[in-house]
Amino acid sequence: MFSPLALRRRAFALCSTLLLVFGLCTTAASAADQGFENWIKEFRKTAIADGISPEVFDRAFKGITSPDQWVLDKASYQPEFKAPVWQYFDNRVQKRAVRMGRAKKEQLQPWLDKIERRFGVNPNILLAIWSMESSFGAILQNDTVMRNVVRSLATLAYADPKRKKFGRQQLLAALKILQTGDIDESHLTGSWAGAMGHTQFIPTSYQAYAVDIDGDGRRDIWNSVPDALATAANLLSQNGWRKGETWGYEVTIPARKLPAGKLTLREWEKLGVKRANGKPFPRPEDKAELKLPAGREGPAFLMLKNFFVIKRYNNSDRYATAVGLLADQIGGGSGLVRDWPRPFTPIDAAQVEELQKLLKARGFYQGEIDGKAGSGTRKAIEAFQKSIGVEQQGFPSKEVLERLRKK
């Protein structure tokens, strides 16, 4: 037998499907909304018992009477393929991000200096995180992506069995943020999963690390870039960031098998692992771990302590590597010595935008013109390649762009 809550969830899911396909089930939809409203009433008791004032709760939930289906769609989305390593890095460590990072660095230098003095974190790392998390704040202007955090988290807590606990925990934290007065309910926006502000903190992480460095009395990571960057620096600092040290080194490796785990840089050097740029390791006694994100055919790295600290922000080797590489280039570095292996001739972000525009003009692409070659762009390329009778690889390549220009 199903519980009443389970029955309501099944009814809501069935109703949503019918609405999308046939535009029917109006009566059942109303019942599903009523179930959500009943859940809000029950959760109100939990929130008040946890210290949330009735006034704050009621203001936060004013006008929220139904779950956000877009949030549920995002929560249930399963990508058809894992992005190849070259695609992940091409979309993040690219000329536009480097150029914008350098411009923001010049614009914010006094704040970055202040943040570095207080937390000891390299400003280039913070700028790279800002780029990775919100494209230097551009995502905050996208009303499709930025949602009401209270509604999003309530939706997950009510209608997503996998994220029910997460949704409740983060929703309580979000209500406490409102109660502190750092932000008001009309500006408490975030991603479908409740990641907020320029540097995309979930509510509990915000509570743990948020900083008011601009001195206006509010820890405002939505509207104050200094607060957002200082908050990111605080997270890294509290998780063991080593001041004055880098995150890792690109290296060359010998053909023979190498050990797993951490060794000192001196020990790695004795095994034939050298810096790719030919320079010596500054601190040969530092311990490092060898990482090969694209296997032996791609660039190799010795990762230091700060690499693993970056992973406390996002527990992904790719993410931490991209942050480090982008930070190095923002700081004036020249990029990789050995590029990612690709089965095509790569193009930059501006050229990917041109490719997307040409695909859209020919009816193959319906997504955003953002210079990022995601699954939608690759499917559009495949459709275009099929239409002209060539192999359907789906790569955003110079060859595809040149064919589109000729059409």
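Between GLN169 and ALA255, what length comes free when the chain is fully extended (0.36 nm per residue of separation minus the Cα-Cα distance, one decimal in nm)? All intermediate terms of the calculation are to be shown ahead of the outcome.
On the way: separation 86, 0.36 × 86 = 30.96 nm, distance 4.92 nm.
Fully extending the segment from GLN169 to ALA255 adds 26.0 nm.
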Summing +1 per Lys or Arg and -1 per Asp or Glu among the other residues with Cβ less than 12 Å from ILE213's Cβ gives -2
Loop GluC sites (Glu not before Pro), region 43-127, which have at most 12 other Cβ atoms in a 10 Å radius of their Cβ (DSSP): GLU80
For the chain, modelled as a GNM with alpha-carbon contacts under 10 angstrom, which of ALA232, ALA60, ALA75 fluctuates the most? ALA75
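Can you give the net charge of the other residues whose Cβ lies under 12 Å from the Cβ of ALA193, counting K and R as +1 and D and E as -1? Mind dumping the intermediate values first?
Numbers: positive: LYS74, ARG147, LYS162, ARG163; negative: ASP68, ASP160.
In short, +2.
Given a 1.4 angstrom probe, I'd like the percentage of the accessible area of region 34-129 that is carbon and sulfur, rounded to a whole number. List each step's numbers first, then the result.
Details: 2560 of 5180 Å².
Carbon with sulfur: 49 percent of the solvent-accessible area.
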Of the candidates PRO226, PRO346, PRO254, which one comes out as most mobile in a Gaussian network treatment of the chain with C-alpha springs shorter than 10 Å? PRO254
Whole number in Å², please: accessible area per residue of the chain, 1.4 Å probe, ligands, DNA and RNA not counted. 49
Summarise the accessible area of region 136-263 (1.4 Å probe, protein heavy atoms) by the percent that is carbon and sulfur. 48
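Among the listed pairs LYS41/LYS162; LYS82/LYS262; LYS41/LYS176, which have their C-alpha atoms separated by more than 26 angstrom in this model?
On the way: LYS41/LYS162 22 Å; LYS82/LYS262 28 Å; LYS41/LYS176 18 Å.
Those over the limit are LYS82/LYS262.
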Cα→Cβ-extended label distance, 7 Å offset, between ARG403 and TYR77, nm: 2.7
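Evaluate E = 1/(1 + (r/R0)^6) for THR264 and ILE388, where r is the Cβ-Cβ distance and R0 equals 60 Å; express this FRET efficiency to the nearest 0.05.
Details: r = 55 Å, r/R0 = 0.91.
With R0 = 60 Å, the Cβ-Cβ based efficiency is 0.65.
Per DSSP helix of 4 or more residues, -39500 (n - 2.57); summed, then divided by the residues of the chain. What does that give at 222 nm, rounded to the nearest 500?
Working: 17 runs with 211 residues, N = 407.
After summing the helix terms and dividing by residue count, I get -16000 deg cm²/dmol.
The values are calculated or read from the model by the stated rules, or taken from the named source; none is laboratory data. All figures in this text were calculated on a predicted structure; none of them were measured in a lab. FYI the Cβ positions are ideal-geometry reconstructions off the backbone, even for glycines, and counts take in every protein chain you see. Keep in mind that these areas ignore ligands, DNA and RNA; they rest on the heavy atoms of the full protein, side chains included. Shrake-Rupley method; radii C 1.70, N 1.55, O 1.52, S 1.80 Å.
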